[in-house]
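What follows is a set of notes on a single structure, which appears directly below.
Each reported figure results from applying straightforward, stated rules to the coordinates on display, with no laboratory input. These numbers come from a predicted model, not from an experiment. For neighbour counting, all protein chains shown are included, and Cβ atoms are generated from backbone atoms with ideal geometry for every residue, glycine included.
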Amino acid sequence: MAANDLKGRSVLTIVTNYGVEQDELLVPVGHLRDNGATVDVAAVDSEPVRTLVDDRDPGKTVRPDTTLADADPTPYDLLLIPGGALNADALRQDDRAVADVRAFVETERPVAAICHGPWTLIDAGAVRGKTLTSYPSLRTDILNAGGAWVDQSVVSDDTGGWTLITSRTPKDLDDFLRETERALITSP
């Protein structure tokens with residue numbers, strides 16, 4: 001991909017301030033920015049985001065661009081939900097994060113979630129009728145919420161008029177980024 005292929009596209013990334021998986025946040029955000037997209041990281045509050053590696057080891061600290069309370073999802077082309085079990089478990093319980101997911105789904109804009117990120121989709125009622133993947137431990141949750149779970153590196157499903165891109169773990173980031181880029185380029 002050329003350096004400015006995503007110029008004019010914008011991405012809202014939603015996270016908590018502790019527990020997001022380092023590479024599931026930093027790699028997509030850096031990649032999308034390097035390719036011309038505007039990417040804003042919205043955290044629960046304005047304090048630094050403390051990432052983890054493998055859900056246990058301290059990772060890099062990231063300064064959020066905004067907070068969930070201040071982020072208006074309206075102007076963004078795509079919603080990005082990184083994983084990390086602690087991050088995703090807390091994010092799914094945050095009414096603002098769940099409302100952001102619903103705002104994207106209701107306006108048929110793409111959502112990209114990796115690893116444990118689909119937990120927030122479940123709480124937003126956004127997986128019914130969709131085929132997706134995730135960290136394997138979410139399989140039963142997805143099935144119980146009306147989704148179909150598959151064990152693949154990436155799944156892109158446009159059922160229901162909006163695109164959902166999902167991947168399992170940081171090992172799948174290349175495939176995840178490819179499909180996320182495609183959704184950004186083809187979204188209206």
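With +1 on each Lys and Arg Cβ and -1 on each Asp and Glu Cβ, how big is the dipole of the range 10-186 about its Cα centre, in debye rounded to the nearest 20?
Value, rounded to 20: 220 debye.
Which is farthest toward the positive dipole end of the range 10-186 among Ala85, Pro75, Gly147, measuring Cα position about the Cα centre, with Cβ charges +1 (Lys, Arg) and -1 (Asp, Glu)?
Gly147
Going Cα to Cα from Lys60, which lysines come in below 23 Å? Please leave out same-chain ones fewer than 8 positions away.
Those lysines meeting the cut-off are Lys171.
Rank these for me by crowding, Lys60, Lys130, going from fewest to most other beta carbons within 10 Å.
So the residues, fewest neighbours to most, are Lys60, Lys130.
Explain nothing, just the number: relative contact order of the chain, from Cα pairs under 8 Å at least 6 residues apart, as a whole percent.
19 percent
Taking the chain as a Gaussian network, Cα atoms linked when under 10 Å apart, which of Ala112, Ala99, Ala43 shows the biggest mean-square fluctuation?
Sorting by GNM fluctuation, first place goes to Ala99.
As a test of the formula, what do you get for the chain when each DSSP H run with n ≥ 4 contributes -39,500 (n - 2.57) and the sum is divided by the residue count, at 222 nm and rounded to the nearest 500 deg cm²/dmol?
Helix-only estimate at 222 nm: -9000 deg cm²/dmol.
Straight distance only, please: which aspartates and glutamates reach the Cα of Lys7 with their own Cα at less than 15 Å, same-chain residues fewer than 8 apart left out?
Cα-Cα hits under 15 Å: Asp34, Asp40, Asp77, Glu181.
Going highest first, how would you order 113-126, 18-31 by mean Cβ packing within 10 Å?
113-126, 18-31
Which of the following values of P(r) over Cα pairs in 5 Å bins from 0, in percent was calculated from the structure shown: [x] 1, 7, 14, 19, 19, 15, 9, 5, 4, 3, 2, 1, 1, 0; [y] 1, 9, 19, 24, 23, 16, 6, 1, 0; [z] 1, 7, 14, 17, 18, 15, 12, 9, 5, 2, 0?
Correct label is [y].
Which residues in the range 85-109 have a backbone N closer than 17 Å to a point placed 7 Å from the Cα of Thr67 along the Cα-to-Cβ line?
Of the residues in the range 85-109, 91, 94-100 have backbone N under 17 Å from the label point off Thr67.
Measure off 7 Å from each Cα along the Cα-to-Cβ vector at Asp95 and Val150, then give the distance between these two points in nanometres to one decimal.
3.7 nm
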